[in-house]
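Contents: one structure, followed by commentary.
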Amino acid sequence: MPLALLALAISAFGIGTTEFVMMGLLPEVADDLGTSVPTAGYLVSAYALGVVLGAPLLTAVGSRVPRKRMLLLLMALFTLGNLASAFAPGFGWLVAGRFLAGLPHGAFFGVGAVVAARLVGEGRQARAVATMFLGLTVANIVGVPTATLLGQHLGWRATFLVVGVIGLCSMVALARLVPHVPVDAQQGLGRELRALGDRQVLLGLLTAVLGFAGVFAVYSYLSAMTTEAMGFGESSVTLVLALFGIGMTLGALAAGPLTDRALRPTLYGSLTALAVVLVVFPFAVQVEWAALVMVVLLGGVGFMTTTPLQMLVMKKAKDAPTLASASNHSAFNLANAGGAWLGGAAIAAGWGWTSPALVGAVLTVAGLAVAVTAGVLDRGGRGESRVVAGAGTRGAREESHADAA
């Protein structure tokens, strides 16, 4: 694999750390800034809102900017947002800093996925994208626990200051290791918008919103489940979150080669496995060792869906994949917000601490239904194209092996 993928993975590590570390620092932030923990929770929402809005907007604005320069500009904005958070004089300024840090998140992964795919040959593109995402998963094993401990002992400002330094290191790595990737002369905002409006792209985005919401319905309340449902002490929360991160990493490692070999079957299989894990989860967590196994499995099968979803929208957007790729991360963050809200509603309704898992299972099955429907429609569309094209048009008969269903 090219060294340029290492630069992308380092950047993903920084982004993943700042995205998830706030969940563990809410008490420290609330106490320092004189607000309540629920109010401090808006800092998580501010980042997610930045991702949802920034992914399509920044990608559209930078549609004609060379890819390497675009990555550097996005990482500079990310670094600025974290440094602004570190030196925020009050809660409102911290909300603004978190929003600013979230703006480049989706656009960076969208552009980065396109660059990663272009760095390798056909048949290895999903593995390249998965390698970039490894930085995000490793952040949940190493970055988030370490940054949380740092914030608890040296203050939450130190955490964002360190993440800002990681951002600067990422910019150096991107500048030195990523080659020049020109923008297609015909590529522009109009072309990107037309690609985003493709039916298969839209169905892929809807699959991401529904399917991945099942993961966040549980993950958002995993800390509380650790003490309330699994029977562990508060000191075990970091271990449980790290196990989830290990599962995410294993899922990412498996998803790359599987997606290169068979895209849609990998997507169907991962969503099916996720639904099964979510159904079994409330029963298995009553046994301590089984609870730990289920956490790893949840992270593994949950994150195994991300690479095929990313590659699907890129392939279906064809020659203008950047906006669709970035919008996929807006979809993931909508899944984050929606899954957390529905999971919280189930708990508030008195259904129990593990009830978000069953809510997540319903969401995942809905995502699987959309994915299967999209696959059937896609196969039918290809069949019609072959009939119209006739046997003499070789290009119309060829199908990507990676998209075989």
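The values are calculated or read from the model by the stated rules, or taken from the named source; none is laboratory data. This structure is a prediction, so every number in the text was calculated from the model and none was measured. Note that we place each Cβ from the backbone using ideal geometry, even for glycine, and neighbour counts take in every protein chain shown. When the accessible area is computed, the model is the full protein with side chains, heavy atoms only, and any ligands, DNA or RNA have been set aside. Shrake-Rupley method; radii C 1.70, N 1.55, O 1.52, S 1.80 Å.
Some notes on this structure:
- Only a single criterion out of (1) modelled with pLDDT of 80 or more; (2) open to solvent by less than 20 Å² (accessible area, probe 1.4 Å); (3) more than 27 Å from residue 2 (Cα to Cα) is not satisfied by residue 170, namely (3).
- Which listed residue is at pLDDT 95 or above and hydroxyl-bearing (Ser, Thr, Tyr), from 373, 393: 373
- Tally, over the range 120-140, of residues that are open to solvent by 50 Å² or more (accessible area, probe 1.4 Å) and within 22 Å of the chain's Cα centre (by Cα): 3
- Looking only at the range 3-60, and only at residues there that are open to solvent by 50 Å² or more (accessible area, probe 1.4 Å) and of a type in the set (A, V, I, L, M), the one that is farthest from residue 82 (Cα to Cα): 3
- Residue check, residue 352 open to solvent by 20 Å² or more (accessible area, probe 1.4 Å) and assigned to a loop (DSSP other than H, G, I, E, B): yes
- Residue match in the range 220-237 (condition: under 22 Å from residue 112 (Cβ atoms) and β-branched (Val, Ile, Thr)): no
- Contact map, the range 221-249: residues that are closer than 20 Å to residue 278 by Cα and in a helix (DSSP H, G or I) paired with residues that are aromatic (Phe, Trp, Tyr) and open to solvent by 50 Å² or more (accessible area, probe 1.4 Å), Cβ distance under 8 Å, separation 6+ or inter-chain. Pairs shown: 224/353; 225/353; 228/353.
- Filter pass, residue 305 being within 28 Å of residue 194 (Cα to Cα) and open to solvent by less than 20 Å² (accessible area, probe 1.4 Å): yes
- Looking across the range 146-160, the residues that are surrounded by fewer than 21 Cβ atoms within 10 Å (Cβ to Cβ) and either part of a helix (DSSP H, G or I) or touching a His at 6+ places or on another chain (Cβ under 6 Å) (or both) come down to 146, 149, 150, 152, 153, 154, 157, 158.
- When residue 87 is tested against the conditions (1) touching a residue at least 12 places away in the same chain (Cβ under 8 Å); (2) under 14 Å from residue 170 (Cα atoms), the lone failure is (2).
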